[in-house]
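Have a look at the structure below, then the notes.
The values are calculated or read from the model by the stated rules, or taken from the named source; none is laboratory data. Keep in mind that what you see is a predicted model, and the values were worked out from it rather than measured. When we count neighbours, we look across all protein chains shown, and the Cβ atoms used for this are built from the backbone with ideal geometry, even at glycine. Side chains included, ligands, DNA and RNA excluded: accessible areas come from the protein's heavy atoms. Shrake-Rupley method; radii C 1.70, N 1.55, O 1.52, S 1.80 Å.
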Amino acid sequence: MRDTLEGRSEEEVLSELSKFLSMDVPYSRVLSSMCTNPHPIAVKAHCMFVRSNLGDPGLFPGTAEVERKLISILAGFFGDENARGYVTSGGTEGNIQAMRAARNVSGIRNGNVVVPESAHFSFLKVGDLLGLEIRKAKLDEDYRVDLGEVERLIDDRTIALVGIAGTTELGQVDDIRSLSKIAEERGIFLHVDAAFGGFVLPFLGIKDFDFRVKGVCSLTADPHKMCMATIPSGVLLFRREEYLRSLDIETPYLTSAKQCTLTGTRPGSGAVSAYAVIRHLGFEGLGRIVRECMRVTRLLKEELESYLTPVIEPVTNVVCFRCRAEKLKAELLKEGWYVSTIRRPEAIRCVIMPHVTESVALEFASCVKRVLSSSPSSFV
Ligand code: 0PR
C-alpha cells in the first residue's frame, strides 16, 4: 500500500515508532560496543535540556554554564585545571578538531600526521577533510606504537603525533610519556585519543596519558562511552587557549562573535547528561563501575583462556581472543551474542561495558565453550 503522508494521531505515530524501536538490539547480549545504556540521570538531564542549542549560547546561558562547569571539572580530572575545550559529538569530532588546531598553529599546509597503526578510522576522515597525509607507525609486540617507527616517520612537514590511550580494538595504551619526549624534542604537537580510555584509565590507577605528561597538547575523551552519558557526548581539551582560538571563525549574526566548534547547531544534551552522571556518581562512584567492568573482563579471560588465547593481558575492559574470528563471530550471533573482530591479529573482541555483568559474561563464556566443543577444529 502506498504511504500517503497525511497527518496521523500521536498514538498511531508512536506505535509505529515503537515497532521500529523493538527492531533495535538491546544491549544485554552486546559485547561489540563501546556504548552502553545511558545512566537514568543522564536520560533525565537530556530530556530536561532537549531544546537547548549550544551553537547560540547567548540564548542558552544556563546550558552554556553547565558546559563550562563540565569542561572545568574534566580539565582538573585530566591533570590541568587550566585546559580549555568544549563538548563535541564524540571522538571523531575531537580527533578532527585537534588535528585542525595542530595544523593551524603549525602554519604548515599539506603536512602529515604520525598515528599508530592501531588508530581509530576517524583519522582517515581527518586526512581526507584536512588534506593531511596520515602516516601509520607500526606497533611493537605488545601492540603499542613502536617509538622507533614514529621517529622514522617524522619529517619537517609533520604537524602532529598521535598517541592512543585505550585503543579501539585491544584497549591497549601507547607509551604517552615517550611520545611526549619525542614531541617536545622535535617541537611537534601531541594529541592523545582517549575517547575510550579517558573514563577508564584514571580509575585503574593509570594517569600518565593526560596533561600530567608535559608534551600532551590536546586530549579527547568520550562521556558517551564509559561515562554513561547520552549520545552524542565527547569532550575535547587543549592545554593552551591559543590552540582552541586557532579554530575560531566569525559568526556575525549570532549571540556570540566567534565559534570554535565543528558543528553549528549543537545539542546541550551531551554536556548536561555527562555533568549529571559525574555529579550524581562522583568520580568515586564512576570508578567503582569501571573497576567492576575490569573485574568481569579478567573473569571472562580466565573462563576462556584454556580454550582460546587472549591477544594481550587486558589493560582496560576489552579482551580479544585469537581464533578463526569471522567463523566464531557468526556462530555466536546465531546464539544471539554480538562480538566484533579485529584487524590484526585474527581475533574476536569483547568489550565489557557496564551492561555486561558477571552473570552475562558467564553465560557468554558457556556459550563460547559450547560452540567450541561442538566442532573443536573449526574455530581455532
Ligand atoms: N577514538 C577511539 C579510540 C575510539 O574507540 C572511537 C570509537 C573513536 C575515536 C570515535 O568516536 P565516535 O564514534 O564517538 O566518534 N570507538 C568505537 C568503535 O569504532 C565506537 C563505537 C561505539 C562503535 C559503539 C560501535 C558501537 O556499537 O568501535
Helices (runs of 4 or more DSSP H) contained in region 87-180 and holding at least 3 residues of a type in the set (S, T, N, Q): 91-106
Out of PHE203, PHE189, PHE196, sole residue that is within 15 Å of the ligand (Cβ to nearest atom) and assigned by TED's automatic domain parsing to the domain that holds ASN112: PHE196
Residue satisfying all of: in region 88-108; within 23 Å of GLN172 (Cα to Cα) and of a type in the set (Val, Ile, Thr); nearest to the ligand (Cβ to nearest atom) among these: THR92
Count - residues of region 57-86 that are more than 16 Å from the ligand (Cβ to nearest atom) and part of a loop (DSSP other than H, G, I, E, B): 6
Among the candidates VAL290, VAL235, residue that is touching a residue at least 60 places away in the same chain (Cβ under 8 Å) and either part of a strand (DSSP E or B) or on the phi > 0 side of the Ramachandran plot (or both): VAL235
Search result, residues across region 218-246 that are within 21 Å of ASN82 (Cα to Cα), out of contact with any Cys (no Cβ under 8 Å at 6 or more places or on another chain) and surrounded by fewer than 24 Cβ atoms within 10 Å (Cβ to Cβ): GLU241, GLU242, SER246
Tally of residues being closer than 22 Å to THR36 by Cα, open to solvent by 70 Å² or more (accessible area, probe 1.4 Å) and of a type in the set (Lys, Arg) across region 284-333: 4
In region 2-27, the residues that are surrounded by fewer than 10 Cβ atoms within 10 Å (Cβ to Cβ) and more than 27 Å from TRP337 (Cα to Cα): ARG2, ASP3, THR4, LEU5, GLU6, GLY7, SER9, GLU10, GLU11
All positions within region 249-269 that are surrounded by 14 or more Cβ atoms within 10 Å (Cβ to Cβ) and touching a strand residue (DSSP E or B) at 6+ places or on another chain (Cβ under 9 Å): THR251, GLN259, CYS260, THR261, LEU262, ARG266, PRO267, GLY268
Those residues of region 109-143 which are open to solvent by 30 Å² or more (accessible area, probe 1.4 Å) and away from the ligand (no atom under 16 Å from the Cβ), in sequence order: ARG109, ASN110, GLY131, GLU133, ARG135, LYS138, ASP140, GLU141, ASP142
Residue match in region 31-51 (condition: more than 16 Å from the ligand (Cβ to nearest atom), open to solvent by less than 50 Å² (accessible area, probe 1.4 Å), under 19 Å from the mean Cα position of the chain (by Cα) and modelled with pLDDT of 95 or more): yes
Among the residues listed as SER89, SER106, SER118, the single one being touching a Pro at 6+ places or on another chain (Cβ under 7 Å) and either at pLDDT 95 or above or over 21 Å from GLY215 (Cα atoms) (or both): SER89
